[in-house]
Each structure stands twice: as structure tokens, then as C-alpha cells.
Amino acid sequence: MSRKLQFTLDFREDLDDFLSTNHPEVVDYRISSESLDARKANLGRSPKIHYNLTVVHQGETFEKEVNDFPNLGPLPQNPLIIGAGPAGLFAALRFLEYGIPTTIIERGERAHKRMIHISKYWRKGQLDGDNNVCFGEGGAGLFSDGKLITRIKSTFVQYVMDLFVDFGAPPETAWVSNPHLGSNKIRQLIGKMTEKLLKNGHTIHYNSRVEELLFSDDKKKVIGVLLNNGDKILSDHVILATGHSSREVYENLKVNEVAMKPKDFAVGVRIEHPRELIDSIQHGDFAGKELGAARYRLSWEDSETLKGSYSFCMCPGGYVLSSGTDRDGIVVNGMSNYARNSRWSNAALVVSVAAGTDFETDDVLGGLEFQHSIENKAYEYSRQHASGREVPAQRVSDFLAGKKSVDLPKTSCPSGLVASDLREILPPFVVGHLEKALKVFDQRMAGFVSENALLLAPETRTSAPVTIIRDKQSLLSTSHVGLYPCGEGAGYAGGITSAAVDGIKVAESIISQSFVR
Ligand SMILES: Cc1cc2nc3c(=O)[nH]c(=O)nc-3n(C[C@H](O)[C@H](O)[C@H](O)COP(=O)(O)OP(=O)(O)OC[C@H]3O[C@@H](n4cnc5c(N)ncnc54)[C@H](O)[C@@H]3O)c2cc1C
């Protein structure tokens, strides 16, 4: 039997010392959660850490978390997974636990080879359509900030954290309230995951792009896929986990009348500040090494339009990346390494975009068109004023003053910048809401609006612009038997952990069809 213990300590206080002095009856403990509270640090209040522990006294033991493998009937044969991002990989890892081999199709390279292609894009503007920040083994998660926090409630969240730890993530990943791996650690872990799958009889086709789904004669069932090399691979269970940037996959679904509906998302900019500035705003006198790079989360709703503007995917001590997948478009996103030690901190600052109001929904892929039209404006701007690789950027102070920046401060963005007036790129309603939101945010975090802060644009791929509709119980497409829409691209996840959990849920659904009842 174990017990729960909750308390708050000053951030400098040692946990073991505290326990031995105040709870000598505790002989062992596990940290269920640990979260930093730095509110009012800028008013001189020392930051606190809230702890939730599971503890045992003399003679007691921790309960075992059992991995309950039920009695199975005939196992599903060779499920086919399209996409080796978090959703696809965690689906495969779940099948592995039941001894079911899968076939994975991945359009890009092994994780460790992706950087060569990405570097060419950032430094020379040469985009590889199959190997970029979004595509390749590990998916979009590989060059992510590696934040594993999620708002979804699922028992599989802890399971995902534990699996990350099993593959070499730092142990605290299993208990801190804001687990963060950073791009450098994620890259190592993904390689280990796929090695394990390969060693255990799973097959992965790299550099193999799915061109089309294959359908039964009556068109009601998905029976496999056609690859770009002409090969056909057949399966009764096709898991579609291709992420939110695979436009040709969405086109193929539309042509074949797979059930989809337009979905709301958000569009805006990346805001980048010198890290020291954010640290001092958030941590006041305590800013510095001990507390690490500071985080923030901001949101505001316009009472007239009821539109939300909010920060998203904040990357303390991180980098802004050019993360597009189309030759005629520019997109930005953010990442950091585990140490979060770059000289900058960035976050997406986005405005909600409503399907049917802000973009046309006569065409189910109207949201994709909306995204692309902004990304293309950014590319054309960059091509006309620089080489087409540089990211359009503007000082925050210039943006609010309504004038183009003439010179720009240093940036973390490896693609370089082109001084811009972002009004020429972003839709007017996005500009208007960002202007108002920035002023509000500056009241909440004095100094947030600064001439040393930059806006880089556009941030358009915040989530999928469609939902691929599936049955709530079986997770099968409502229009096509055999097809399991999965992960972020299908509209069922928004981040690494939720995508991984969705992959596991889809695997569970397929496996559960063989439960002996
Ligand atoms: C720069 C960046 C930073 C991010 N930071 C964070 C973060 O800190 N925390 C967080 O939770 N989330 C972050 N995200 C979002 C996160 O990466 C995604 O939510 C997550 O990766 C979605 O997982 P997924 O498996 O559904 O799709 P994806 O990761 O997009 O994977 C899809 C996979 O499918 C493959 N594929 C696509 N089309 C085909 C095809 N036709 N044939 C074969 N294979 C195909 C792709 O190559 C890719 O490997 C970030 C994203 C980016 C781009």
C-alpha cells in the first residue's frame, strides 16, 4: 500500500532534507508531479515548487502498475501504418507489446539523416519535399521543442512518459508537470524506438511515399496503399498517421470521398525576445541559472469579435525555425534543445481562425488553401526582397507603429530574415487582433512589447485544418472500413504526447477486435 503526500517548498530547499526532517516515517517515495510556481517572483517573492508524492512507510510497498494483456483470439494480421511520427510510432510500439508485427511506410529518411536535408533548406533554400522539419522518421516531433505537456486526460499519458524514459529520456520526464526533452534528446530516442521495432520483426519502408490509398471494388473499404515506386501493400487495417502537412494525402482522401469536415485552427506569428528579457520579466530578482529559462503563457479574447489570441508552443532558450513543406511557401515554428540555453526565447502568437467565417468551407480543404495563400505571400515577399529562403520579420514596436522595419536585431532563426511589414503577408483580421493582444500582453508582462522583440511570420500550421471523421468507439473512418484516421493530421491530437496517445488508442482498438469475450 502507498500514500499520497502534497506540500510546497521554496525552490532552493532540498526535498530529501525536508522529508527526513518533517516526515521521518517515509522510507521511499516517487514524485507524481512537481511544478514550479514563479508567480510574483518579479515582486521579490521567492519561487516555490509544489510537490505531489507517492510515499511508503516501513513494511509497505508501492502498488505494481500491471500491464494487463487480456486473453486474445486470433491477432490482427500485419497492420499498416502510414507515417513514422509520434502517432505512427507509438501505435507500432503498442502492437509490439502484443507481439503483432506491423509495416510502417515513411516518406522520409532515418532520423539521424534528416538534418543534412534540413540544413540545406535553412542555409541554401533547397527544400526536400520528403525530408524537412515536418517529414521524415520521427515526424514533426523530431525537430520540435520536445515539450511533452498535454491537456488531454488519458491513462496512456503516463504510459507514454514511461516509454520515453525506457528509451532513454531523463527520469524526471515521468513526473515533472512540464516534461521537456528538447530536439537533441528526441532525435536520439526516436532512433532507438525504430531499432527496437526493426529487431522485433516490424518492417519499415523509408523513402517511400504513399501516393494513393487502394480501395475495394465497391469503394467502401480501404485495402492498402500504392507507393511512389509503384509497389502496392495490402492490409485489412490501414492507420493513417501522416500529420497535418501532407497536402497530397488530404487531396487523395477528398477525391475518394473519405469523410472529412473543415476544422478551426489558428494563424499568426512567432514572437522572439532576448532570453534575458523574458527571464527578468518572469523571474525578477531570481532570474538566472538556478531557475532556468523562463516560460510564459498568454491569452486574451476580444469581447467584440469573441476571437481568441494566445501564445502557444513557447520555447524558452530556443530557436525559430523555417518549417515549410512547399517550395512556394514559408512557415515558421519553434524548437529548443534540452538545455534551453540559446540567447532567445520564442512563442507562437496566434489568432483563432473559424471555418466558414474566416475561410470558405464549400471545399472541404478550404482551410488548407487559406494556410497556403498566407505561406505563399511570405515566400513571394522573401523572393522579391531577398532570396526566397529568408523569413519575413518585423520589430514588435514597428508592427504596432504600422511601419516596415528597416533594420532587425539578431535572431536565432538559421534561415536569416528579411525586414518586412507583416501587413503585406497576414490577413487584416489577424493583424488587427495581434495589435490589440500585444498591447494587453504588455500590460501583463511589462516589457513584452519591445524594439528588441521580433515578429517572424507566418505561423500557419498550428493544427490540422480538417477532421477526418471516425467512429468514436472503433476509431474507424465513418465512410470507409479498414481505414483508421490517427494523430494530428486527422484532427485527433495537438502535440507529441496527444499524437502518441492517439496512436496507442488506435492500436488498442484494432487489437480489441480479437479480445475473447
Ligand atoms: C518545429 C516544431 C516544433 C514543435 N514543438 C512541439 C512541442 O514542443 N511539443 C509538442 O507537443 N508538439 C510540438 N510540435 C507538434 C508535434 O510535433 C506534432 O503535434 C506531432 O509530431 C504530431 O504527430 P503525428 O504523428 O500525428 O504527425 P507527424 O509528426 O506530422 O508525423 C507524420 C509522419 O507521416 C509521414 N508522412 C506524411 N505523408 C506521408 C506519405 N504520403 N507517405 C508516407 N509517410 C508520410 C511524415 O514524414 C511524418 O513522419 C512541434 C512541431 C513542429 C513542426
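The values are calculated or read from the model by the stated rules, or taken from the named source; none is laboratory data. Fair warning: this is a prediction, and the values are worked out from it, not measured in the lab. As a convention, Cβ positions derive from the backbone with ideal geometry for all residues, glycine included, and neighbour counts pool all protein chains shown. Side chains are part of the model used for accessible areas, which takes the heavy atoms of the whole protein and leaves out ligands, DNA and RNA. Shrake-Rupley method; radii C 1.70, N 1.55, O 1.52, S 1.80 Å.
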### Task
Using Cα positions and a limit of under 14 Å, work out the aspartates and glutamates in reach of LYS377, with same-chain residues fewer than 8 apart set aside.
ASP326, ASP328, GLU369, GLU390, ASP421, GLU424, GLU459
### Message
Run the numbers for LYS4 and ASP218: contour at 0.36 nm per residue of separation, minus the present Cα-Cα distance, in nm.
### Response
71.3 nm
### Message
How large is the Kirkwood hydrodynamic radius of the chain, counting all unique pairs of alpha carbons, in Å?
### Response
24.2 Å
### Task
List the relative contact order of the stretch 218-319 as a percent without decimals, with contacts defined as Cα pairs under 8 Å and 6+ residues apart.
13 percent
### Query
Based solely on its DSSP helices, what 222 nm [θ] is calculated for the chain when runs of n ≥ 4 H residues each add -39,500 (n - 2.57) and the sum is averaged over all residues, nearest 500 deg cm²/dmol?
-8500 deg cm²/dmol
### Message
Just want to confirm a number: the relative contact order over the chain, from Cα pairs under 8 angstrom separated by 6+ residues, in percent.
### Response
19 percent
### Message
Suppose every Lys and Arg Cβ carries +1 and every Asp and Glu Cβ carries -1, with no other charges. What dipole size does the stretch 434-517 come out with about its Cα centre, to the nearest 20 debye?
### Response
300 debye
### Cα centroid separation - the stretch 251-320 against the stretch 394-452, whole Å
14 Å
### Query
So what does ARG30 come to for accessible area, using a 1.4 Å probe and Å² rounded to 10?
130 Å²
### Query
Rounded to the nearest 5, what is the percent of antiparallel bridges among the DSSP beta bridges in the chain?
80 percent
### Message
Once the convex hull of the alpha carbons of the stretch 305-400 is built, what does its volume come to per residue, in cubic angstrom?
### Response
142 Å³
#### Entry: Between the stretch 133-160 and the stretch 184-247, the alpha-carbon center distance in angstrom
18 Å
### Task
Starting from 0 in steps of 5 Å, tell me what percent of the Cα-Cα pairs of the stretch 215-293 lands in each bin.
3, 10, 13, 15, 10, 5, 6, 7, 7, 8, 9, 5, 2, 0
#### Entry: Magnitude of the charge dipole, the chain, Cβ model with Lys/Arg +1 and Asp/Glu -1, debye to 20
520 debye
### Query
Say a paramagnetic label sat at a point 7 Å from the Cα of GLU172, along Cα to Cβ; which residues of the stretch 1-33 have their backbone N under 14 Å from it?
11-16, 31-33
### Sites SER33 and LYS232 - FRET efficiency at Förster radius 51 Å, r taken between beta-carbons, to 0.05
0.60
### Query
Hey, rough spin-label estimate for GLN158 and SER20, points 7 angstrom out along Cα→Cβ, what's it come to in nanometres?
2.9 nm
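Evaluate E = 1/(1 + (r/R0)^6) for ASP442 and LEU306, where r is the Cβ-Cβ distance and R0 equals 30 Å; express this FRET efficiency to the nearest 0.05.
Computed FRET efficiency for ASP442 and LEU306 comes out at 0.85.
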### Query
Among 86-99, 301-314, how do they line up from the highest to the lowest mean number of other beta-carbon atoms within 10 Å?
86-99, 301-314
## Note on the structure
The long-range amide H neighbours of SER463, using H built 1.01 Å from N in the peptide plane and a cut-off of under 5 Å, are ALA266
### Query
For the stretch 373-474, rounded, prolate or oblate, judged on the Cα gyration tensor with a ≥ b ≥ c (square roots of eigenvalues), a/c < 1.5 rounded, else prolate if a/b > b/c?
oblate
### Query
Kirkwood hydrodynamic radius of the stretch 128-267 from all distinct Cα pairs, in Å?
17.6 Å
#### Entry: Karplus-derived HN-Hα couplings along the stretch 139-156 (A = 6.51, B = -1.76, C = 1.60, θ = phi - 60°), whole Hz, x at Gly and Pro
x, 5, x, 5, 10, 8, 6, x, 7, 9, 5, 8, 8, 6, 10, 7, 5, 6
### Query
Considering only Cα-Cα distances, which of the following residue pairs are longer than 18 Å: LYS153/LYS472; LYS153/LYS307; LYS124/LYS147; LYS221/LYS254?
LYS153/LYS307; LYS124/LYS147
## Note on the structure
For the stretch 46-160 the mean separation of alpha carbon contacts under 8 Å (6+ apart) over residue count, i.e. relative contact order in percent, is 20 percent
### Message
What does the C-alpha gyration tensor say about the overall shape of the stretch 1-147? Classify as rounded when a/c is under 1.5, otherwise prolate if a/b is larger than b/c, or oblate.
### Response
oblate
### Task
For every other residue with a beta carbon closer than 15 angstrom to the beta carbon of TYR206, add +1 if it is Lys or Arg and -1 if Asp or Glu, then tell me the sum.
-2
### In Å², nearest 10: area of PHE143 left accessible to a 1.4 Å probe
10 Å²
